[in-house]
Amino acid sequence: MTSESFPRTGHGMDRRGLFGVVAGGSVVAAMAAGCTRKNASSPELNGDDPRDPRGRTWSPHQEHQAGITSPTPAVTVIVSLDLVKGADRDALRRFLKMWSADIEALMAGRKVPGDPLQDMAQPNVSLSVTVGFGLGFFRVPGLEKYLPDGLAEIAPMKHDKLVEDWSGGDLVVQICADDPTSAAYAQRILVRDAKPFATPRWVQHGSWRAIGGDGKPITGRNLFGQVDGTGNVLEDAGNKIWTDAGQSWFTGGTMMVVRRIEMNLTTWDELTRERQEKAMGRTLDVGGPLSGPNEEMKPLNFSARDQDGKLLVPIDSHARLSNPASNGGRTMFRRSTNYTHDEGGKTTHGLMFVSFQTSIPGVFTPVQKRLDASDALNEWTTAIGSAVFAVPGGWPQGKFLAHGLFA
């Protein structure tokens, strides 16, 4: 749940090792997602550092949708929706055209068509909107033949305790922004305009700290205190997360897994720091491999041993089990955020885990099974929600999201 791949009970991998992809850590990332930046020379925004999530305006008119490999800002809201009964292909075409217009306006910071609250829309708040389709979407008459390869449910794992309140959905929209107000406004607009076609099934809220005390971009931490996201390498992500999934309309797409991972912070806090690090396989201070040297981006040495002959990276550590090298090279791009949930006087904490990969049964599920079988972190984490979606590519100006479905 930290760096490598957190699919454990539902974690894909974490940004760190499961893939080897540095979350938004390359100029390629910013260029691929398409963005402009205000005050590029402003010191508080760290110039043009592509890892800095702040103060950006993203474009939906790129090969891939924004909000996948672009840097994770402070706020994430994920809304799963179910199609209304009787929704047909023509209705979905109208719906996606309308939503696309909404998304274009929201991400640009322009007034949303038909919305009187034009002052709520703001540019340069790093607002991204990412849309995906669940299996139910492709059961609509006329859309069955467009089901992408690699979209499949994840069989429950033995450590899962999945509940309907956090699982499933025919559609998903992920909204990310620098601040809660911008995210809430986008959520309100999109849910309102979806109403004739789809209704919310569940909503999850996450937060992320991607900026250090010195004002510079950092790899964030999950609520276990672990550096979470060290291996998301964008430079060679091409055939690692992007796919057409055997469908011409899906060019530039990817498969999305959303897993809600509840963490037992009470029992975790009772552990010694050494025990916590061994469960992870990395140090808590900078996220370096226990095999050394203690630098975040250094690769794991699985054969390194201490003076007594014991493996420095334990055999059941999350970092070892989730690493691509332990999983036939299977790679995902992880984009997770922390959550705290209060309900009925009870507070729970965890990770809103999101991963992107070329295939769910071909990539995510095998890694998850490996973690479910013996990951040391299983003792303190439980997947309580799970959902899968196909995320198509971006769309050209003058077109709309997934327009190839209706050609």
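Given the condition farther than 26 Å from ALA108 by Cα, out of contact with any helix residue (DSSP H, G or I) (no Cβ under 6 Å at 6 or more places or on another chain), modelled with pLDDT of 95 or more and not in a loop (DSSP other than H, G, I, E, B), answer yes or no: does some residue in the range 191-203 qualify? It would help to see each step written out before you state the result.
To start, the set of residues in the range 191-203 that are farther than 26 Å from ALA108 by Cα comprises 201-202.
Remaining after also requiring out of contact with any helix residue (DSSP H, G or I) (no Cβ under 6 Å at 6 or more places or on another chain): 201.
Next, only the ones that are modelled with pLDDT of 95 or more stay: 201.
Checking the rest, the ones that are also not in a loop (DSSP other than H, G, I, E, B) come to 201.
Checked the range 191-203: at least one residue is farther than 26 Å from ALA108 by Cα, out of contact with any helix residue (DSSP H, G or I) (no Cβ under 6 Å at 6 or more places or on another chain), modelled with pLDDT of 95 or more and not in a loop (DSSP other than H, G, I, E, B).
Out of everything in the range 292-323 that is touching a residue at least 60 places away in the same chain (Cβ under 8 Å), of a type in the set (A, V, I, L, M) and in a loop (DSSP other than H, G, I, E, B), what residue ends up being least open to solvent (accessible area, probe 1.4 Å)?
My answer is LEU300.
Between THR337, THR381, THR365, THR348, which is open to solvent by less than 40 Å² (accessible area, probe 1.4 Å), in contact with a Phe, Trp or Tyr (Cβ under 7 Å, 6 or more places away or on another chain) and within 28 Å of VAL203 (Cα to Cα)?
Answer to the check: THR337.
So which of PRO361, PRO396 ends up being closer than 30 Å to ARG94 by Cβ and in contact (Cβ under 8 Å) with a residue 60 or more places away in the chain? Let's see the steps before the verdict.
Details: PRO361 fails: closer than 30 Å to ARG94 by Cβ.
Just one listed residue meets the conditions, PRO396.
Kindly provide the set of residues from the range 259-291 that are outside any helix (DSSP H, G or I) and in contact (Cβ under 8 Å) with a residue 40 or more places away in the chain, ordered by number. Outline the logic, then answer.
Narrowing the range 259-291 to residues outside any helix (DSSP H, G or I): 259-264, 269-272, 281-291.
Answer for the range 259-291, where residues must be outside any helix (DSSP H, G or I) and in contact (Cβ under 8 Å) with a residue 40 or more places away in the chain: ARG259, ARG260, ILE261, GLU262, MET263, ASN264, GLY281, ARG282, LEU284, VAL286, GLY287.
Which condition number in (1) open to solvent by less than 20 Å² (accessible area, probe 1.4 Å); (2) more than 14 Å from the chain's Cα centre (by Cα); (3) not hydrophobic (A, V, I, L, M, F, W, C) is the one that GLN204 fails?
Exception for GLN204: condition (2).
Out of curiosity, is GLY142 farther than 15 Å from SER59 by Cα and surrounded by fewer than 17 Cβ atoms within 10 Å (Cβ to Cβ)?
yes
Quick check on my filter: what residues within the range 225-244 are touching a strand residue (DSSP E or B) at 6+ places or on another chain (Cβ under 9 Å), within 24 Å of GLY281 (Cβ to Cβ), at pLDDT 85 or above and open to solvent by 10 Å² or more (accessible area, probe 1.4 Å)?
Selection gives LYS240 alone.
Within the range 245-275, how many residues are surrounded by 12 or more Cβ atoms within 10 Å (Cβ to Cβ), polar (S, T, N, Q) and within 24 Å of PHE353 (Cα to Cα)?
The qualifying residues number 2.
The conditions are (1) within 30 Å of PHE197 (Cβ to Cβ); (2) at pLDDT 50 or above; (3) in contact with a helix residue (DSSP H, G or I) (Cβ under 7 Å, 6 or more places away or on another chain); (4) surrounded by 15 or more Cβ atoms within 10 Å (Cβ to Cβ), and GLY109 fails exactly one of them. Which is it?
(3)
Which of the residues that make up the range 294-320 are over 26 Å from TRP380 (Cα atoms) and of a type in the set (A, V, I, L, M, F, W, C)?
The answer is ALA304, and nothing else.
Residue check, SER167 against (1) closer than 25 Å to GLY398 by Cα; (2) at pLDDT 95 or above; (3) among the small types (Gly, Ala, Ser), all met but one. Which one?
Only one criterion is unmet by SER167, namely (1).
Could you give me the residue pairs with C-beta distances under 7 Å whose first residue belongs to the range 138-167 and is closer than 21 Å to ILE78 by Cα, whose second residue is part of a loop (DSSP other than H, G, I, E, B) wherever it lies, and which are 6+ apart or on separate chains?
PHE138/LEU147; ASP160/THR9; ASP160/GLY10; LEU162/PRO156
The values are calculated or read from the model by the stated rules, or taken from the named source; none is laboratory data. Keep in mind the model is a prediction, meaning the values are calculated, not measured. Neighbour counts run over all protein chains shown; Cβ positions are idealised from the backbone, glycine included. Protein only, heavy atoms only, side chains kept; ligands, DNA and RNA dropped before computing areas. Shrake-Rupley method; radii C 1.70, N 1.55, O 1.52, S 1.80 Å.
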